[in-house]
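Accompanying notes for the structure given below.
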Amino acid sequence: MVSTRTAEPVLRVRADVGEGPAWDAAAQRLLWVDVTGCAVHVFDPATGDDRTTDVGVHVGAALPAADGTLVLAVRDGVARLAADGSPHPLAAVEADRPGNRMNDAKCDPSGRLWAGTMPYGDERGAAALYRYDRAGVTQVLSGVHLSNGLGWSPDGTTMYHIDSRTQRVDAYAYDDATGAIRDRRPVVAVPAAQGMPDGMAVDEDGCLWVALWGGGAVHRYTPAGTLDRVVRLPVTQVTSCAFGGPAGDVLYVTSAAYGLDPAQLADQPLAGSLFALDPGATGRPATPFTGGTA
């Protein structure tokens, strides 16, 4: 039986493309971004305060680093957020592809950064998935259409990746010692009528929580790919989700107002807001960036 829950707004804003929620356990705060708004947000659920930094460039994700700073996936590569609020470049990615930008990113269990790209247009197969660690940038997958959600199983042996235009979540055998992936297999196929799979989180039971762009929902799938839970939201463009809170028992969900016309915005006054709910499950905070192993 599929159970249904509802997410409620915890921050009423109109982000153009709200994305990339990540729980910073050290600071007990939620990091998230407005991609096309060029903004990094730091939300404190204890006070309701949301601090925004304009980084001056499209930003796909902001993640905590072990040294207390933030690591960013920005339009043309990986950067660290400097004390003055500007992105300090760490590594260039796809400098030869100005029609692409960095998109969703997460750190693996050893603290390596994984980030994918996407085209601004509809070009197929022009993107890729990368790993950034002490050895530099490594292209792991090529021929990607629109790289999005990432996640790892609780035991660290499986990596999940969403290439949104395939309408699938794929799984890979994962070697945490080297960061290598192999044996790609589809786990979830999302019917187009339900929306396009976007960002993703993995809970402590190994289940996948997938945000559905155009679908107004987050779906939870078992590791076998069975839909067993649906979270409804009062907005259509649901972008990503992450577990947070001191006990990891809050699911935060981001959304977007991008491309909605005035009538749609009137029907969806909360488009672009940040939502939360008790999902009936727990998940881990974002793994801080350390550079992993060379």
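Here is how the numbers come out for the structure above:
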| quantity | calculated |
| --- | --- |
| Qualifying positions in region 54-76 - within 22 Å of residue 287 (Cα to Cα) and part of a strand (DSSP E or B) | 59, 60, 61, 62, 63, 64, 65, 70, 71, 72, 73, 74 |
| Cβ pairs under 9 Å, 6+ apart, first in region 278-294 and modelled with pLDDT of 95 or more, second among the hydroxyl-bearing types (Ser, Thr, Tyr) and not in a loop (DSSP other than H, G, I, E, B) | 280/3; 289/132 |
| Residue 181, sole failed condition from (1) under 25 Å from residue 289 (Cα atoms); (2) open to solvent by 30 Å² or more (accessible area, probe 1.4 Å); (3) free of Cβ contacts under 8 Å to residues at least 40 places away in the same chain; (4) not basic (Lys, Arg) | (3) |
| Set 208, 227, 212: member being over 28 Å from residue 265 (Cβ atoms), within 14 Å of the chain's Cα centre (by Cα) and modelled with pLDDT of 95 or more | 208 |
| Scope region 166-177; condition free of Cβ contacts under 8 Å to residues at least 40 places away in the same chain, open to solvent by 20 Å² or more (accessible area, probe 1.4 Å) and of a type outside the set (A, V, I, L, M, F, W, C); matching residues | 166, 167, 168, 175 |
| Among the candidates 26, 39, 15, residue that is under 30 Å from residue 231 (Cα atoms), buried (at least 24 other Cβ atoms within 10 Å of the Cβ) and touching a residue at least 12 places away in the same chain (Cβ under 8 Å) | 15 |
| Residue in region 231-244 that is over 23 Å from residue 50 (Cβ atoms), touching a residue at least 12 places away in the same chain (Cβ under 8 Å) and assigned to a strand (DSSP E or B) present | yes |
| Verdict on residue 109 being at pLDDT 95 or above and touching an Asp or Glu at 6+ places or on another chain (Cβ under 7 Å) | yes |
| Residue in region 125-165 that is surrounded by the fewest Cβ atoms within 10 Å (Cβ to Cβ), counting only those that are β-branched (Val, Ile, Thr) and within 17 Å of the chain's Cα centre (by Cα) | 144 |
| Test: residue in region 77-85 that is in a strand (DSSP E or B), aliphatic (A, V, I, L, M), open to solvent by 10 Å² or more (accessible area, probe 1.4 Å) and farther than 25 Å from residue 172 by Cβ | yes |
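The values are calculated or read from the model by the stated rules, or taken from the named source; none is laboratory data. From a predicted model like this one, the values you see are computed outputs, not experimental measurements. As a convention, Cβ positions derive from the backbone with ideal geometry for all residues, glycine included, and neighbour counts pool all protein chains shown. Just the protein is used for accessible areas: all its heavy atoms, side chains included, with ligands, DNA and RNA removed. Shrake-Rupley method; radii C 1.70, N 1.55, O 1.52, S 1.80 Å.
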